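Peer 1: The structure's right below; bear with me while I get my questions together.
Each value in this text was obtained by applying a stated rule to the coordinates, not by laboratory testing. Remember, predicted model here, so these are calculated numbers, not experimental data. Cβ atoms come from the backbone with ideal geometry, glycine included; neighbour counts cover every protein chain shown.
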């Protein structure tokens, strides 16, 4: 099954972290770019490797960003067999500081046996970190 399978259209931004995590394998190769494995002020930049970790990522994201204030625009989706790269921009309002970040990103996903096995997010971590700084 390639990346274009029915799982891609079966979830939305309104889904719960647990439903989103169902898209992922029990063990996942997860990376959010930052020079170190964890970021001192961005709570979702940390190592993850399980489906439960994926749910925790989306719970954390939902807890620190204002619901309904985020926007994601996809400029390009490239699919090659089980691999996909999504390129776009994301804007979110951060609850703890009231600041908004706008960043570009590239998200690389790999799908195997109908679930995501690799999730590598290359984002403008500096723009995000600045929104968390008072």
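Peer 1: So what is the 222 nm mean residue ellipticity for the chain from helices alone, if each DSSP H run of at least 4 adds -39500 (n - 2.57) and you divide by all residues, rounding to the nearest 500 deg cm²/dmol?
Peer 2: -5500 deg cm²/dmol
Peer 1: For the chain, set up a GNM with springs between Cα atoms under 10 Å and report which of 120, 73, 57 has the largest fluctuation.
Peer 2: Result: 73 has the largest fluctuation of those listed.
Peer 1: For the chain, with a Gaussian network of springs between Cα atoms less than 10 Å apart, report the residue from 51, 108, 63 with the top mean-square fluctuation.
Peer 2: In this elastic network of the chain, the residue with the biggest mean-square fluctuation among 51, 108, 63 is 63.
Peer 1: Mind checking the full-extension length gain between residue 61 and residue 80? Use 0.36 nm per residue of separation minus the Cα-Cα distance, one decimal, nm.
Peer 2: Length gained between residue 61 and residue 80: 4.0 nm.
Peer 1: Using a Gaussian network model of the chain with C-alpha springs under 10 Å, which one of 107, 74, 93 is most mobile by mean-square fluctuation?
Peer 2: 74
Peer 1: Something else now. Pairs of alpha-carbon atoms within less than 8 angstrom and 6+ residues apart define the contacts here; what relative contact order does the range 57-134 have, in percent?
Peer 2: Once divided by the residue count of the range 57-134, the mean separation gives 23 percent.
Peer 1: Taking Cα atoms, how many degrees apart are the long axis of helix 51-64 and the longest axis of the chain, rounded to 10 and kept between 0 and 90?
Peer 2: Long axis of 51-64 versus the principal axis of the chain: about 30 degrees.
Peer 1: With contacts defined as alpha carbon pairs under 8 Å and 6 or more residues apart, what's the relative contact order of the chain in percent?
Peer 2: 27 percent
Peer 1: Exposure proxy check: 123, 38 ranked by fewest other beta carbons within 10 Å?
Peer 2: 38, 123
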